[in-house]
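Structure first, commentary second.
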Amino acid sequence: MRYFPLFADLKGRRVLVVGGGDVAERKVRLLLDAGAQVDVVAPALNEWLSKRLVAGPGPDRETGLEPAPCWWLARHFDAAQLRGAVLVIAATDDRSVNASVAAAAHSMSILANVVDDAELSGFIVPAIVDRSPLVIAISSGGTAPVLARLVREQIEVLFDESFGALASLLERWRSRIKAAFPELTARRRFYETAVRSAAGGAMRRRRPDDADQWLAREIGKPAVAGAGSVAIVGAGPGDPGLLTLNALRALQSADVILHDRLVSTEVLALARRDAECIEVGKQARGQSVTQQHINALMVEHAGSGRRVVRLKGGDPFVFGRGGEELECLVAHGIPFEVVPGITAAVACGAYAGIPLTHRDHAQSVQFVTAHRAESLPARDWDALSAPGQTLCFYMGVGELASLGARLIAHGRGEDTPVAVIENGSRPEQRVTLARLAELDDLAARGRLCSPAMVIVGEVASFAAALHWYGAEPRQWEALRRVA
């Protein structure tokens, strides 16, 4: 994070704006809305500024009168004009002037913003969604201001004017709510209930009296210790955009998150900032947290009244042991819910351009966990080797050579297309296309890494023409000579 986001209290504090055009006007308007004492330096002013500004004696003025909201200080910039300022904004069309302002401010340890010039700026003015006292700021760090404005447009739709009124309502009730709920977790849950249900709904209907009555009634009720709960949540394969709305809601209300090793950092970043995150991942050939210990952690934290999210890669009920964990919760009488996720086979196939079923090539699909495949009886391998179906092997990198040999031995054709999708849906996704007979060689020399999904069947060949995400698939036939 290159820039540290903060909201500054500028009421009555001096800010210098260098520039007198339309861009400077927009900055002055924002600063005046924040209650700042604004001084402007410019050789000329646009129409709005010329009507608004008062010619003034400078930063050392001692008139004995209340300061004007905005002074026209001088026509040309001088470093002495920075005395007493807490911020400065350079909004001229002359980069040499802007650079002089930035350099002078830096030498005096004053934060400076040079409009549309991140290189010279010490701070960035964000795009703003104003629902005062609720204010949302969006910034691209100066790299793409247009993108920040587009994001603002989307957020404007999500938060109507009632959110400002709701924030004011909660501000008025804050001290009484704090006194009624001195314990932080109970107080946070009360706020969540108020916003998501009665009080929030009343404010959206423009009925503030109903919201006041609800708050007065609920605060008056005896405090009851909140019961803990567990949400078993599917995080999908890695792309945070594949989270469901229910999964996002669970993450943002969790006190504790018990997450798998392969849950992406981008997904975890969507959790509430003060949530406790505990990695409880398993590895096929490495140090792992036992299922018994994971169960014990769920029971311990939920039993102490906390909201627990058990966050799993993919879907919790597809090779995720979600059923075992629910059995544990039922045995201990702990309330729970399940939030499905997009399982890896579906997501990896989609992101590689592979339809798992196809009217002409695959009339069925099977999900198989590869590390248990060796124990399957011969009749199951006969079924897996039948044509006209797609096989999706989870955790298949370590068993790749064995999978190919067994399928061929039980009748699947040597030329059957195979796709190995590493880090599916993530920025580092890599797709390798091969034939079933080549899996032994690919396993030995392909330098494959987990997590990876192995898709076997005629539909795997579609990746060559239908890929749309990340790098183009690599053909093992072409690479094997140099691998």
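Bear in mind that the values in this text are calculations on the coordinates, not laboratory data. Treat the numbers as computed from the prediction; the structure is a model and nothing was measured. No Cβ is skipped: glycine too gets one built from the backbone with ideal geometry, and neighbour counts run over all protein chains shown.
So what is the relative contact order of the chain, in percent, for Cα pairs below 8 Å that sit 6 or more residues apart? Each step should come with its number before you reach the end.
On the way: 855 pairs, mean separation 43.0, N = 483.
Normalised by residue count, the contact order of the chain is 9 percent.
Close amide H contacts of Q37 (hydrogens built in the peptide plane, cut-off under 5 Å, sequence separation of 5 or more or a different chain): G12, R13, R14, V15. The Cβ shell under 11 Å around R426 holds other residues with a net charge of -3, Lys and Arg each +1, Asp and Glu each -1.
Beta bridges assigned by DSSP with both partners in the chain are antiparallel in approximately 30 percent of cases. Taking amide H atoms as placed 1.01 Å from N in the peptide plane, the amide H of Y394 lies under 5 Å from those of V368, T369, A370, each 5 or more residues away in sequence or on another chain.
Please report, in debye to the nearest 20, how large the charge dipole of segment 14-125 is about its Cα centre when each Lys and Arg carries +1 at its beta carbon and each Asp and Glu carries -1 there. Walk me through the numbers before you get to the answer.
Details: 10 positive and 14 negative charges, 39 e Å.
Charge dipole of segment 14-125: 180 debye, to the nearest 20.
Calculated from DSSP H runs of 4 or more alone, at -39500 (n - 2.57) each and per residue, what is the 222 nm mean residue ellipticity of the chain, nearest 500?
Values: 18 runs with 172 residues, N = 483.
Result for the chain: -10500 deg cm²/dmol, rounded to the nearest 500.
For segment 252-346, pairs of C-alpha atoms spaced more than 23 angstrom apart make up 20 percent of the total. Rounded, prolate or oblate: which fits segment 162-219, taking a ≥ b ≥ c as square roots of the Cα gyration tensor eigenvalues, rounded meaning a/c under 1.5, else prolate when a/b beats b/c? Prolate shape, in that a/c is at least 1.5 and a/b is the bigger ratio. Across segment 388-483, the relative contact order, built from alpha-carbon pairs under 8 Å that are at least six residues apart, equals 38 percent.
Taken about its Cα centre, segment 162-219 carries a charge dipole of roughly 100 debye when the Cβ of each Lys and Arg holds +1 and the Cβ of each Asp and Glu holds -1. Normalising the average separation of contacting C-alpha pairs (under 8 angstrom, six or more residues apart) by the number of residues puts the relative contact order of segment 229-342 at 44 percent.
If I stretch the segment between F159 and Y3 completely, what's the gain in nm (0.36 nm per residue apart, minus their alpha carbon distance), one decimal?
Details: separation 156, 0.36 × 156 = 56.16 nm, distance 2.49 nm.
Between F159 and Y3, full extension yields 53.7 nm more.
Just order 347-354, 263-270, 148-155, 299-306 by mean Cβ neighbour count inside 10 Å, highest at the front, would you?
Numbers: 347-354: 24.2, 263-270: 15.9, 148-155: 14.1, 299-306: 17.5.
Descending packing order for the listed peptides: 347-354, 299-306, 263-270, 148-155.
Cα centroids of segment 108-186 and segment 417-469: 44 Å apart. Taking a quarter of the surface of the Cα convex hull of segment 144-194 gives a mean projected area of 4.9 nm². Note on K221: lysines with a C-alpha under 28 Å away, same-chain residues under 8 apart excluded, are K178.
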